[in-house]
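Colleague: Sharing a structure, written as structure tokens. Questions coming.
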Amino acid sequence: MKVIQTDLPGVLVLEPRVYRDDRGFFYESYNADRFGEHRALGLPTSFVQDNHSRSTANVLRGLHYQLRRPQGKLVTCVRGTIFDVAVDIRVGSPTFRRWTAVVLEEDSPRFLWIPPGFAHGFCVLSPVADVIYKCTDVYDASDDRGILWSDADVGIPWPVSDPVMSEKDRRYSALTASRTDLPVYSP
């Protein structure tokens, strides 16, 4: 497994070794021992929940996080193509409000590791996309939080012009350091 650091410390792109032949391909989507080899980079070896999301073209989901039970997420796209985003929302962090994004697609298997303390969102660039992600904590609906996908101070150039979104995602507020529902950075 190849581990690539992004411009946000702790957010990583993981490229598994893919074995291809005329039948298709095979790769390990998760192996605790291999993750353990990269523990120093912040990769966990324990996950407690797996999620599968199917979305159609131009759907934008996010930007989501949990405060009391923050989730680290290992995200991949097994069908279609997505623009996947992580935003540092930790108050006091040297990279507060910065974001990074990668394109994840079915024919080039790779993963985005998003540690706790970051908001996550994605938009669909193909007719349909299946996104699977492993989480380090269980989802708690009462702890559901988010930031506005179009926050000008964050400045994500989403590659969709008229996204299809939930009303909840459209109503989130901007990312400001004065918000009381954000995690606090601790080095």
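The values are calculated or read from the model by the stated rules, or taken from the named source; none is laboratory data. Since the structure is predicted, the reported quantities are computational estimates derived from the model, not experimental observations. Cβ atoms come from the backbone with ideal geometry, glycine included; neighbour counts cover every protein chain shown.
Colleague: Among the residues of the range 138-158, which ones are of a type outside the set (A, V, I, L, M, F, W, C) and either at positive phi or surrounded by 12 or more Cβ atoms within 10 Å (Cβ to Cβ) (or both)?
Modeller: Y139, D140, D143, D144, R145, G146, S150, D151, G155
Colleague: Going through P16, P9 one at a time, which residue ends up being out of contact with any helix residue (DSSP H, G or I) (no Cβ under 7 Å at 6 or more places or on another chain) and farther than 24 Å from W158 by Cβ?
Modeller: P16
Colleague: Within the range 159-187, how many residues turn out to be surrounded by fewer than 16 Cβ atoms within 10 Å (Cβ to Cβ) and either farther than 25 Å from D50 by Cβ or hydroxyl-bearing (S, T, Y) (or both)?
Modeller: 20
Colleague: Within the range 105-125, track down each residue that is buried (at least 16 other Cβ atoms within 10 Å of the Cβ) and small (G, A, S).
Modeller: G117, A119, G121
Colleague: Let me ask another. Among (1) in contact with a Leu (Cβ under 8 Å, 6 or more places away or on another chain); (2) modelled with pLDDT of 95 or more, where does H64 come up short?
Modeller: (1) is the only condition that H64 fails.
Colleague: So which residues in the range 85-107 are without any contact (Cβ under 8 Å) to a residue 60 or more places away in the chain and assigned to a strand (DSSP E or B), if there are any at all?
Modeller: Scanning the range 85-107 gives A101, V103, L104, E105.
Colleague: Restricting attention to the range 117-134, does a residue exist that is modelled with pLDDT of 95 or more, among the charged types (D, E, K, R) and under 23 Å from A177 (Cβ atoms)?
Modeller: No, every residue in the range 117-134 fails to be modelled with pLDDT of 95 or more, among the charged types (D, E, K, R) and under 23 Å from A177 (Cβ atoms).
Colleague: Take the residues in the range 63-89 that are crowded, with 19+ Cβ neighbours inside 10 Å and charged (D, E, K, R), then tell me which one is farthest from S126 (Cα to Cα).
Modeller: Ranking the candidates gives D88 first.
Colleague: Return yes when L60 is within 26 Å of W158 (Cβ to Cβ) and either out of contact with any Ser or Thr (no Cβ under 6 Å at 6 or more places or on another chain) or among the acidic types (D, E) (or both) and no when it is not.
Modeller: Considered against the rule, which asks whether it is within 26 Å of W158 (Cβ to Cβ) and either out of contact with any Ser or Thr (no Cβ under 6 Å at 6 or more places or on another chain) or among the acidic types (D, E) (or both), L60 comes out as yes.
Colleague: Which residue pairs have Cβ atoms closer than 7 Å, lie 6 or more positions apart in sequence or on different chains, and pair a first residue in the range 141-155 that is touching a residue at least 12 places away in the same chain (Cβ under 8 Å) with a second residue that is assigned to a helix (DSSP H, G or I)?
Modeller: G146/D169; W149/D169
Colleague: From the list D50, D33, pick out the single residue that is charged (D, E, K, R), part of a strand (DSSP E or B) and surrounded by fewer than 21 Cβ atoms within 10 Å (Cβ to Cβ).
Modeller: Just one listed residue meets the conditions, D50.
Colleague: Take the residues of the range 1-28 that are outside any strand (DSSP E or B) and of a type in the set (V, I, T): which is surrounded by the fewest Cβ atoms within 10 Å (Cβ to Cβ)?
Modeller: Looking at residues that are outside any strand (DSSP E or B) and of a type in the set (V, I, T), I get V18.
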